[in-house]
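Novice: Right, I'll just put the structure down here and ask away after.
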Amino acid sequence: MIEADNITKRYGDFLAVDQVSFRAGAGEVIGFLGPNGAGKTTTMRILTGFLPATDGRARIAGHDIFEEPLAARRAVGYLPETPPLYPEMDVTGYLEFVAKIKDVPRARRRSAVESALERCGLADVHRRVIGSLSKGFRQRVGIAQAILHDPPVLILDEPTVGLDPIQIREIRGLIADLADPEKTEARTIVLSTHILAEVEAICRRVLMIHEGKMVLDSAIGELTAEGQSLEDVFARMTLREGEAA
Amino acid sequence: MKHLGAIAGRELRSLFVSPVAYAVLTLFAVLAGFFFLLSVQGFRETMAYYQQIGQFDVLRQLNLNNQVIGPFIQVMWIVFLFLIPGITMGLFANEKTNGTQELLMTSPLTMWELVLGKFLAAAAFVTILIAMMALFPALLFLDAGTPVLGLIFSGFDLADPNPEGLQMWAGLLGLWLLGLTYAAVGTFSSSLTRNQLVAFFLALALLLILWLLSVVADLGVAEGAAGTASRLSGVLTWLSTSDHFDKLARGLVDTRDLAYFVFMIGTFLVLTKTSVESVRWR
């Protein structure tokens with residue numbers, strides 16, 4: 001579903017992402033870890049077609065993101081770090097707009113909006129103006145926007161940041177639900193986070209990026225089978241040389 | 001271009017749920033009414049002057065088109081100069097502050113759909129403004145003997161007090177094209193910044209420069225410059241919006257002036273597209 005080959009992003013002299021490669025198949029839920037400024041958001045922005053890579057190639061659902069950008073973007077649902085919402089619109093109006101620009105066929109728009117409202121627990125607030133919603137609800141509208149066109153690939157940038165523990169549990173439940181092969185077609189989900197417990201709770205595989213480089217690509221099961229906690233691995237991978245005790 | 005309607009429609013709806021659109025419409029109605037009354041008042045004073053000095057042949061040649069409608073349309077550019085940047089300032093700047101730029105740029109939209117959709121929304125608003133202000137000169141087309149015309153002409157004797165429709169339409173066409181050009185410049189300004197206020201003042205500055213180019217050109221000619229200098233002043237005059245607009249406002253429709261506005265709108269939309277795209281390669 002996602003094939004990234006040597007993705008590199010350079011801002012002047014600064015190397016934000018350095019030859020990141022990975023493959024993700026259908027049905028995989030991948031946790032994308034790394035300290036702040038490691039290049040997580042930049043990598044995600046490249047995969048979603050928001051930013052071009054300086055070098056390297058990537059394909060989403062078989063479509064090259066540089067050569068067939070529109071087809072590749074149609075296959076991705078993306079929740080940026082700040083949910084991309086228009087505060088003056090109501091929830092339904094906003095989702096209807098997103099359905100139009102994401103090429104949901106006219107006949108299916110209504111049902112797409114209704115099912116997204118349903119899945120994200122927004123049915124009770126669907127007529128509310130987005131600006132008046134709580135942070136947790138806004139995050140859900142952000143997720144509803146990402147899943148609206150039923151894309152095979154979901155990219156979520158810190159979907160639980162800034163939420164309270166109950167909201168976090170709800171969003172996690174929603175993500176687990178989206179990944180559940182019994183409920184939907186196999187989807188590929190990549191989510192970035194700082195919360196290691198979150199990765200352990202919902203992901204089966206973890207990618208770790210540090211200073212733009214991929215430092216770990218492993219199944220969670222393998223790591224824990226070796227008797228190390230995710231926290232130990234994270235600390236070891238991301239500490240600079242000399243800092244390690 | 002199938003997403004054009006979705007982008008423009010969303011923009012217009014957001015404009016009309018915010019107070020900005022209503023503030024602009026109210027202000028516009030008040031200013032248009034004020035300037036219209038001023039034009040009418042000026043007309044009555046001119047008539048009174050010629051009557052007083054006994055120039056009845058001049059008095060007879062005065063007409064509503066040249067003395068009221070023309071000056072009214074000509075003065076409205078100042079209102080457009082301040083109001084249209086207020087309408088366009090949020091077009092792209094808001095997308096950046098909302099973070100919705102990331103939604104738009106990761107959706108299967110083309111850059112032109114995005115830019116033209118935004119411009120179309122602003123153009124629709126300009127059209128509403130033109131329709132509103134056209135109501136004032138439209139009053140003059142009511143049959144003679146109605147209170148409005150009666151008030152204007154009471155005490156004066158003109159050969160033909162009735163205005164001519166085509167001349168007014170030409171003037172409104174000129175103002176509409178000017179408004180669309182201002183909308184294109186405003187759209188471009190909004191694409192350069194994430195701050196609405198910056199977008200507003202940038203558009204104002206660009207529009208003033210465009211207007212004043214012809215004044216600068218006139219200064220050059222006045223100093224008696226020849227050759228390249230006069231050619232340069234010719235270019236500046238052509239680039240300036242003022243002469244093209246003045247001709248249309250007076251009712252002179254020339255395809256060269258129409259082409260000028262089409263050229264300016266196209267240029268600023270291409271610039272906008274380049275600027276919006278630049279987040280990708282910056």
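The values are calculated or read from the model by the stated rules, or taken from the named source; none is laboratory data. Bear in mind the structure is a predicted one, so any value in this text is a computation, not a measurement. Cβ placement follows ideal geometry from the backbone for every residue including glycine, while neighbour counts extend to all protein chains displayed.
Novice: For the stretch B:105-142, enumerate the residues that are facing chain A (nearest Cβ under 8 Å) and buried (at least 20 other Cβ atoms within 10 Å of the Cβ).
Specialist: Listed by number, the residues that qualify are B:M105, B:T106, B:S107, B:L109.
Novice: List the helices (runs of 4 or more DSSP H) inside the stretch B:213-282, counting only whole elements, that have at least 1 residues being touching a Phe, Trp or Tyr at 6+ places or on another chain (Cβ under 6 Å) and modelled with pLDDT of 90 or more. Show your work before the answer.
Specialist: On the way: elements: B:228-239, B:241-249, B:255-281.
Hits in the stretch B:213-282: B:241-249, B:255-281.
Novice: Could you give every pair whose Cβ atoms fall below 7 Å, whose first residue belongs to the stretch B:119-143 and is under 20 Å from B:I69 (Cβ atoms) and modelled with pLDDT of 95 or more, and whose second residue is assigned to a helix (DSSP H, G or I) and β-branched (V, I, T), counting only separations of at least 6 or pairs across chains?
Specialist: From the stretch B:119-143, the pairs are B:V126/B:I84.
Novice: Let me ask something additional. Somewhere in the stretch A:125-141, is a residue within 18 Å of A:V29 (Cβ to Cβ) and surrounded by fewer than 19 Cβ atoms within 10 Å (Cβ to Cβ)?
Specialist: no
Novice: Under the condition of being within 14 Å of chain A (Cβ to nearest Cβ) and surrounded by 14 or more Cβ atoms within 10 Å (Cβ to Cβ), which residue from the stretch B:257-279 is farthest from B:D246 (Cα to Cα)?
Specialist: B:V279
Novice: If we only count strands (runs of 3 or more DSSP E) wholly inside the stretch A:133-245, which ones have 1 or more residues that are free of Cβ contacts under 8 Å to residues at least 60 places away in the same chain and assigned by TED's automatic domain parsing to the domain that holds A:Q19?
Specialist: A:213-219
Novice: Separate question: Name the residue that is farthest from the other protein chains (Cβ to nearest Cβ), counting only residues in the stretch A:99-136 that are under 19 Å from B:L104 (Cβ atoms) and in contact with a His (Cβ under 6 Å, 6 or more places away or on another chain).
Specialist: Per the criteria, the residue is A:V104.
Novice: Among the residues of the stretch A:19-27, is any under 16 Å from B:E102 (Cα atoms) and not β-branched (V, I, T)? I'd like the intermediate steps shown before the answer.
Specialist: Quick first cut of the stretch A:19-27, residues under 16 Å from B:E102 (Cα atoms) only: none.
No, because not a single residue in the stretch A:19-27 is under 16 Å from B:E102 (Cα atoms) and not β-branched (V, I, T).
Novice: Just checking, does the stretch A:57-70 include any residue being within 29 Å of A:R128 (Cα to Cα), assigned to a strand (DSSP E or B) and of a type in the set (A, V, I, L, M, F, W, C)? It would help to see each step written out before you state the result.
Specialist: Restricting attention to the stretch A:57-70, the residues satisfying the condition of being within 29 Å of A:R128 (Cα to Cα) are none.
Checked against the condition, which is being within 29 Å of A:R128 (Cα to Cα), assigned to a strand (DSSP E or B) and of a type in the set (A, V, I, L, M, F, W, C), the stretch A:57-70 yields no hits at all.
Novice: Sticking with this structure for a sec: Among the candidates B:V24, B:V30, B:V20, B:V40, single out the residue that is loosely packed, with under 15 Cβ neighbours inside 10 Å and aliphatic (A, V, I, L, M). So that I can check it myself, show each step before the final result.
Specialist: On the way: B:V24 fails: loosely packed, with under 15 Cβ neighbours inside 10 Å; B:V20 fails: loosely packed, with under 15 Cβ neighbours inside 10 Å; B:V40 fails: loosely packed, with under 15 Cβ neighbours inside 10 Å.
Going through B:V24, B:V30, B:V20, B:V40 in turn, just one is loosely packed, with under 15 Cβ neighbours inside 10 Å and aliphatic (A, V, I, L, M): B:V30.
Novice: Next up: Does B:I73 fit the bill of being crowded, with 17+ Cβ neighbours inside 10 Å and either at pLDDT below 95 or within 26 Å of B:L204 (Cβ to Cβ) (or both)? Quick ask: steps written out before the conclusion?
Specialist: Numbers: crowded, with 17+ Cβ neighbours inside 10 Å: yes; either at pLDDT below 95 or within 26 Å of B:L204 (Cβ to Cβ) (or both): yes.
In short, yes.
Novice: Give the stretch A:71-98 a look and list any residue that's within 9 Å of chain B (Cβ to nearest Cβ), of a type in the set (A, V, I, L, M) and within 15 Å of B:A6 (Cβ to Cβ), or say none.
Specialist: A:M89, A:V98
Novice: Taking the conditions exactly as written (basic (K, R) and under 16 Å from the mean Cα position of the chain (by Cα)), does A:R187 satisfy them or not? Explain how you work it out, then say what you get.
Specialist: Details: basic (K, R): yes; under 16 Å from the mean Cα position of the chain (by Cα): yes.
Spelling it out, A:R187 is indeed basic (K, R) and under 16 Å from the mean Cα position of the chain (by Cα).
Matching residues to (1) free of Cβ contacts under 8 Å to residues at least 60 places away in the same chain; (2) more than 17 Å from the chain's Cα centre (by Cα); (3) in a helix (DSSP H, G or I); (4) on the phi > 0 side of the Ramachandran plot:
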position	(1), (2), (3), (4)
B:F35	yes, no, yes, no
B:L38	yes, yes, yes, no
B:G42	yes, yes, yes, no
B:T46	yes, yes, yes, no
B:Q51	no, yes, yes, no
B:D57	yes, yes, yes, no
B:R60	no, yes, yes, no
B:V68	no, yes, yes, no
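Novice: In this structure, does A:I65 turn out to be assigned by TED's automatic domain parsing to the domain that holds A:F22, of a type in the set (V, I, T), buried (at least 23 other Cβ atoms within 10 Å of the Cβ) and more than 21 Å from B:K96 (Cβ to Cβ)?
Specialist: Working: assigned by TED's automatic domain parsing to the domain that holds A:F22: yes; of a type in the set (V, I, T): yes; buried (at least 23 other Cβ atoms within 10 Å of the Cβ): yes; more than 21 Å from B:K96 (Cβ to Cβ): yes.
So A:I65 fits the description; yes.
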